[in-house]
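Below is one structure, written out as structure tokens, with a few remarks after it.
Just so it is clear, none of the values below were taken in a lab; they were calculated from the coordinates. Nothing here was measured: the structure is a model prediction, and the numbers come from that model. FYI the Cβ positions are ideal-geometry reconstructions off the backbone, even for glycines, and counts take in every protein chain you see.
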Number of protein chains: 2
Amino acid sequence: MIVLKIGGSEGIDYDLIADDIAAVVNEGTPLIVVHGGSALTNKVAEQLGHPPEFVTSVSGFSSRRTDRRTLEIFEMVYCGQVNKGLVEKLQRRGVKAIGLSGIDGRIWEGKRKDAIKVIHNGRKRVIRDDYTGKVEKVNIDLLQTLLDQGYLPVLTPPAISYEGDAINVDGDRAAAATAAAFQAEALIILSNVPGLLEKFPDESTLIRHIPKAKIDQFMSVAEDRMKKKVMGAQEALAEGIGRIVFADGRVEQPLQRAIAGEGTVIG
Amino acid sequence: MIVLKIGGSEGIDYDLIADDIAAVVNEGTPLIVVHGGSALTNKVAEQLGHPPEFVTSVSGFSSRRTDRRTLEIFEMVYCGQVNKGLVEKLQRRGVKAIGLSGIDGRIWEGKRKDAIKVIHNGRKRVIRDDYTGKVEKVNIDLLQTLLDQGYLPVLTPPAISYEGDAINVDGDRAAAATAAAFQAEALIILSNVPGLLEKFPDESTLIRHIPKAKIDQFMSVAEDRMKKKVMGAQEALAEGIGRIVFADGRVEQPLQRAIAGEGTVIG
């Protein structure tokens, strides 16, 4: 089993990725796909007059402020346009794709945060009406049933809280939780950079290998959005996933290249 | 098996409907839900600067002009906001809902129309880049697998063409095709009127019963959006469904009332 996370940033080529998923699936490799949609969500949120806001946690992580209206827009883009667009591309290529959010069948379940502590204009502030959380449980039975029948699950946030609220969760960490639940051989994370860069955005400074024991040292190297990918990798390693690859989602055969070890290999 | 179609017009109360679905599912009645989203799609399309257009076929049926951009907006609303919103409401009520479009796992497959002949400003015109079609095949195996595991499928257009293009299909007729595929006991269609009205919009002129043999005569009574519901009913009757109910989606216990025969009962 390989879990493939496809980012939602500008530049990632969903057609090339769909071509490659079809090739890998046809070879018989079991696969689960997880995708993002952040750049398009920002754009649509602007167009709908509810511009995106980002908050920085006291521990230094940036995340989307998710009030109820943002959650609706998030679902429109992630579960609607991006998920169905990708499923359609895969179906055209003969892949039996089936698109699901973490809400559906409680595929991704977790705790909704009661309060998030953020830094706003240099001051600490507590936000209580945010719909965010973290995936703690994966509905393996449902996903395995679909896999057994030859379907390719294409998963997207949001997840669902124990009380039944939709919650925005980080896609990289949700993919890591999914890989851990299945004890996947590898977790591959495609984004719009070639991997973890020593000096972002200089692509010639690609870090090609990080031994498992040294992953913690690389958190400080990761810029902004890469931080959660590194955190997802830490979590996946802790859960026993042997190999995590950060790779380039803008090139031909991005999945096969990552499987072959192109990018930043962790583990 | 009951197939329940919930319309997408203004006034339909999704909270009351979700309460009632939970009650009916808890009694052990097998159910498949299909929903619409037309009113919200119109609103979002306006907000996104791609206002809705409707065309009238030469046979007098009105339908949404669905170019590629409209299809994206359609998916955002139907598959994103409405589908996930309804699944969330059901999950909160303890129902194991799982939201899927007709694209996913090719649940609804059919032919994309090569050309649609419409009347535009009194003249005949042919449109060739429309993403519309009709459900011809239902993936019973996938839906039955989910039902067998206790999940409630919550289905929404679009469907998928044989070539793998997403196609806008009428939700009432898709629900009818689903009911026919499962040889359901009943097809219930909730909208923002109490049923078929002799003199629309006068609700006191509700037609309480239409015998199967007389359905064709009622096409002329149906106004605008009701026409496709009557067509769906004709198709469902032709496929052997014994009972179709057009009922009110704005009241308490709308599903149980419809099952009890409140509304327009056909068959």
Treat each spin label as a single point 7 Å out from the Cα along the C-beta direction, and report the A:Glu239 to A:Glu185 distance in nm. 1.9 nm
Hydrodynamic calc, chain B: Kirkwood Rh from Cα pairs, then Stokes-Einstein at 4 °C with viscosity 1.567 mPa s, so D in µm² s⁻¹ is 70 µm²/s
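Kirkwood hydrodynamic radius for region B:119-218: how many Å is it when counted over pairs of different Cα atoms? Walk me through the numbers before you get to the answer.
Values: mean 1/r = 0.0591 Å⁻¹.
Evaluated on region B:119-218, it is 16.9 Å.
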Counting pairwise Cα distances across region B:1-109, what percent come out greater than 24 angstrom? 32 percent
Could you work out the per residue convex hull volume over the alpha carbons of the protein assembly as shown, in cubic angstrom? 147 Å³
Percent of alpha carbon pairs in region A:55-205 separated by more than 23 Å? 45 percent
In nm, to one decimal, how far is the B:Lys113 label point from the A:Glu46 one, both placed 7 Å along Cα→Cβ? 3.6 nm
Among residues of chain A, the one whose beta-carbon sits nearest the axis that rotates A onto B, given with its distance in integer Å, is A:Gly80, 1
Efficiency by 1/(1 + (r/R0)^6): what FRET value for A:Asp129 and B:Leu16, r their Cβ-Cβ distance, R0 = 22 Å, to the nearest 0.05? 0.30
I'd like the Karplus ³J(HN,Hα) series for region B:43-54: coefficients 6.51, -1.76, 1.60, θ = phi - 60°, whole numbers in Hz, and an x wherever there's a Gly or Pro. 5, 5, 4, 4, 4, 8, x, 9, x, x, 10, 10
Between copies, how far does the label point of B:Ser57 sit from its twins, in nm, shortest first, when each point is 7 Å from Cα along Cα→Cβ? 5.3
In this structure, the FRET efficiency calculated for B:Ala39 and A:Gln256 from their beta-carbon separation, with R0 = 45 Å, to the nearest 0.05, is 0.50
Between A:Ala97 and residues 5 or more places away or on another chain, the pairs with built amide H atoms under 5 Å apart involve A:Gln91, A:Leu152, B:Gly105
Label point 7 Å beyond Cα along the C-beta direction, distances from A:Glu203 to other copies (nm, shortest first): 6.2
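Given Cβ point charges of +1 (Lys, Arg) and -1 (Asp, Glu) and nothing else, what value in debye, to the nearest 20, does the dipole of region B:2-266 about its Cα centre take?
700 debye
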Identify all lysines with a Cα-Cα distance to B:Lys111 below 19 Å; exclude those on the same chain that are fewer than 8 residues away in sequence. A:Lys84, A:Lys89, A:Lys96, B:Lys134, B:Lys137, B:Lys228
Scalar couplings 3J(HN,Hα) for region A:109-121 by Karplus 6.51 cos²θ - 1.76 cosθ + 1.60 (θ = phi - 60°), nearest whole Hz, x for Gly and Pro, are 10, x, 8, 7, 5, 5, 8, 10, 9, 10, 9, 10, 6
Amide H contacts under 5 Å for A:Lys134, placed H, 5+ residues apart: A:Lys111
Considering only the label points, 7 Å along Cα→Cβ from Cα, what distances in nm to one decimal separate A:Ala260 from the same position in each other copy, shortest first? 6.8
Please list, ordered by chain and number, the residues whose modelled amide H lies under 5 Å from the amide H of B:Ile210; skip anything fewer than 5 residues away on the same chain. B:Val265, B:Ile266, B:Gly267
Karplus couplings for region B:234-246 from phi (6.51 cos²θ - 1.76 cosθ + 1.60, θ = phi - 60°), rounded to Hz, Gly and Pro as x? 4, 5, 5, 4, 4, 8, x, 6, x, 9, 10, 10, 8
